[in-house]
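The values are calculated or read from the model by the stated rules, or taken from the named source; none is laboratory data. Keep in mind that this is a model prediction, so the values were computed, not measured. Counting neighbours? That spans all protein chains shown, and the Cβs are built from the backbone with ideal geometry, glycine included. Accessible surface areas use protein heavy atoms only, side chains included; no ligands, DNA or RNA. Shrake-Rupley method; radii C 1.70, N 1.55, O 1.52, S 1.80 Å.
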Amino acid sequence: MIIVVFNMHPDFLAIDFETANYSIDSACAIGLVRVSKGKIVSQKVSLVKPKSRSFVFTHVHGITWTDVSAAPTFGELWPEIAHFFSGIEFLAAHNASFDRRVLTACCQLYGIPVPVAPFSCSVKLARQTWGIRPTNLANVCRHLDIPLNHHEALSDAMACAKIFLAAGRSTVIETQPGFQFS
């Protein structure tokens, strides 16, 4: 694992996935919040039709097969969202290892090159910056007075972006093994 520290205000993308079931490629919603020079500059949310009709986590996020049956697959959605991943220094997510795995699995499922930007985790950032425990998203948002409609993809991604902006300091970035900085 490589650790890189960015000072200043990096451009980054906060990302959140909701999944339908235990399959890591079962994304059923995605929220994206782009930050540039310390400001939120764009956002996107979309339902996503997973390859399976099996929904196990409806009780968590409220999304059903009926909700996504007419939505684009991740592969169909990619041309609309690919630009969000361009020119960023890192991807931010709360519990980043989960969102990293979902992004990778969905990209691989549809033959899309996996974005190479490293991930940074707002769980670790909140622990290091404010000593918050437990560090679930709802608790961190309460501590920082950030509005949250938990398990709604755009709200979760927006909260993550605001956590990074609130930290206002160097950010620890964890990269995947084998990641090469250009």
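Details
- Residue-averaged [θ]222 nm for the chain, counting only DSSP H segments that reach four residues, each worth -39500 (n - 2.57): -9500 deg cm²/dmol
- Calculated over segment 1-94, the projected area of the Cα convex hull averaged across directions stands at 7.2 nm².
- Bins of 5 Å from zero: percent of alpha-carbon pairs in the chain: 1, 9, 18, 22, 21, 16, 10, 4, 1
- Here F17 sits with roughly 10 square angstrom of accessible surface, probe radius 1.4 Å.
- Share, in percent, of DSSP beta bridges within segment 1-133 that are antiparallel, nearest 5: 75 percent
- Normalised per residue, the accessible area of segment 30-170 is 47 Å², obtained with a 1.4 Å probe and no contribution from ligands, DNA or RNA.
- Bridgeable lysines around K124 (alpha carbons under 24 Å apart, same-chain partners fewer than 8 residues away excluded): K37, K39, K162.
- Share of carbon and sulfur in the accessible heavy-atom surface of segment 36-159 [1.4 Å probe, %]: 53 percent
- Candidate cross-link partners of K49 among the aspartates and glutamates, defined by an alpha-carbon separation under 12 Å and a same-chain spacing of 8 or more, comprise E18, D25, D67, E76.
- Taking 0.36 nm per residue of separation and subtracting the current Cα-Cα distance, fully stretching the chain between Q108 and A167 would add 18.0 nm.
- Sequence-distant contacts, meaning Cα pairs under 8 Å at least 6 residues apart, place the relative contact order of segment 39-164 at 23 percent.
- Net dipole in debye of segment 30-182 [+1 Lys, Arg Cβ; -1 Asp, Glu Cβ; about Cα centre; nearest 20]: 280 debye
- What the phi angles of segment 74-86 give under the Karplus curve with 6.51, -1.76 and 1.60, with θ = phi - 60°, is a coupling list of 4, x, 6, 6, 3, x, 7, 10, 4, 5, 4, 8, 7 Hz, glycine and proline written as x.
- Sites R101 and H9 - FRET efficiency at Förster radius 35 Å, r taken between beta-carbons, to 0.05: 0.80
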